[in-house]
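A short worksheet on the structure shown next.
The values are calculated or read from the model by the stated rules, or taken from the named source; none is laboratory data. What you see is a predicted model, and the numbers here were worked out from it, not measured in a lab. When we count neighbours, we look across all protein chains shown, and the Cβ atoms used for this are built from the backbone with ideal geometry, even at glycine.
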Amino acid sequence: MREGQRISISINDLGQPDCDNASKLTNFIGTIARNGVYAPLTFNDWRAVPNAKKDDMWGLVTSKFEFDGNAKTWVLKSLGKKWREWKGKLKKLYYSSHETDEERIADLDGRVQEDQWKTLVQFWNSKEGKRIGRNN
């Protein structure tokens, strides 16, 4: 794809992608959700992520894709879902699999920023983090 060229995405009546390029869009959304610059792991809940960050993510999506309808709500919900799944995967692979925080901090996925990982480990160790973990 040439610089500045965007992939066309058709949207159905529910605001969902309804075309052959939908998988490219969902893969791209997953990439953004795992990027700590755009989607920091330091927030405990997707609703706590500032709207400015969400607007930046939406801007990144619209720089690569053009929609024939309103897809912003669906894209942001998808980003939130993929962001939560990413955090869950990190917890399973890099937090729960270790006994000590030193081991957890040392075993860091290369895609995660170290300061964000430390904050996330601290949260999971907190009373609130453990309560949320039990509920989930």
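Every residue in region 42-64 that is farther than 14 Å from PHE28 by Cα, out of contact with any helix residue (DSSP H, G or I) (no Cβ under 6 Å at 6 or more places or on another chain) and among the β-branched types (Val, Ile, Thr), please.
VAL49
Can you work out which of the residues in region 16-27 that are among the polar types (S, T, N, Q) and surrounded by 13 or more Cβ atoms within 10 Å (Cβ to Cβ) is nearest to the chain's Cα centre (by Cα)?
In the first step, residues of region 16-27 are kept if they are among the polar types (S, T, N, Q); the result is 16, 21, 23, 26-27.
Then drop every residue that is not surrounded by 13 or more Cβ atoms within 10 Å (Cβ to Cβ), which leaves 16, 21, 26.
Values: GLN16: 18, ASN21: 20, THR26: 11 Å.
Here the residue is THR26.
What number goes with the only condition from (1) surrounded by fewer than 16 Cβ atoms within 10 Å (Cβ to Cβ); (2) farther than 28 Å from ASN125 by Cβ that LEU60 does not pass?
In the conditions (1) surrounded by fewer than 16 Cβ atoms within 10 Å (Cβ to Cβ); (2) farther than 28 Å from ASN125 by Cβ, LEU60 misses (1) alone.
Given the criterion surrounded by fewer than 16 Cβ atoms within 10 Å (Cβ to Cβ) and more than 27 Å from CYS19 (Cα to Cα), identify the matching residue among ASP45, ASP55.
Answer to the selection: ASP45.
Filtering region 58-90 down to residues that are among the aliphatic types (A, V, I, L, M) and closer than 20 Å to ALA22 by Cα, which residue is nearest to the chain's Cα centre (by Cα)?
LEU79
Conditions tested, residue by residue: (1) part of a helix (DSSP H, G or I); (2) free of Cβ contacts under 8 Å to residues at least 24 places away in the same chain; (3) surrounded by fewer than 18 Cβ atoms within 10 Å (Cβ to Cβ).
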position: SER8; (1), (2), (3): no, no, yes
position: LEU14; (1), (2), (3): no, no, yes
position: ILE29; (1), (2), (3): yes, no, no
position: ALA39; (1), (2), (3): no, no, no
position: GLU66; (1), (2), (3): no, no, yes
position: THR73; (1), (2), (3): yes, no, yes
position: LEU79; (1), (2), (3): yes, no, no
position: LYS87; (1), (2), (3): yes, no, no
position: TYR94; (1), (2), (3): yes, yes, no
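Please give the number of the condition ILE105 fails out of (1) modelled with pLDDT under 95; (2) part of a loop (DSSP other than H, G, I, E, B); (3) aliphatic (A, V, I, L, M).
Against the list (1) modelled with pLDDT under 95; (2) part of a loop (DSSP other than H, G, I, E, B); (3) aliphatic (A, V, I, L, M), ILE105 comes up short only on (2).
Return yes when ARG104 is touching a residue at least 12 places away in the same chain (Cβ under 8 Å), surrounded by fewer than 16 Cβ atoms within 10 Å (Cβ to Cβ) and charged (D, E, K, R) and no when it is not.
No.
Answer yes if at least one residue in region 81-95 is at pLDDT 95 or above and touching a Gly at 6+ places or on another chain (Cβ under 7 Å), and no otherwise.
Yes, the conditions are met somewhere in region 81-95.
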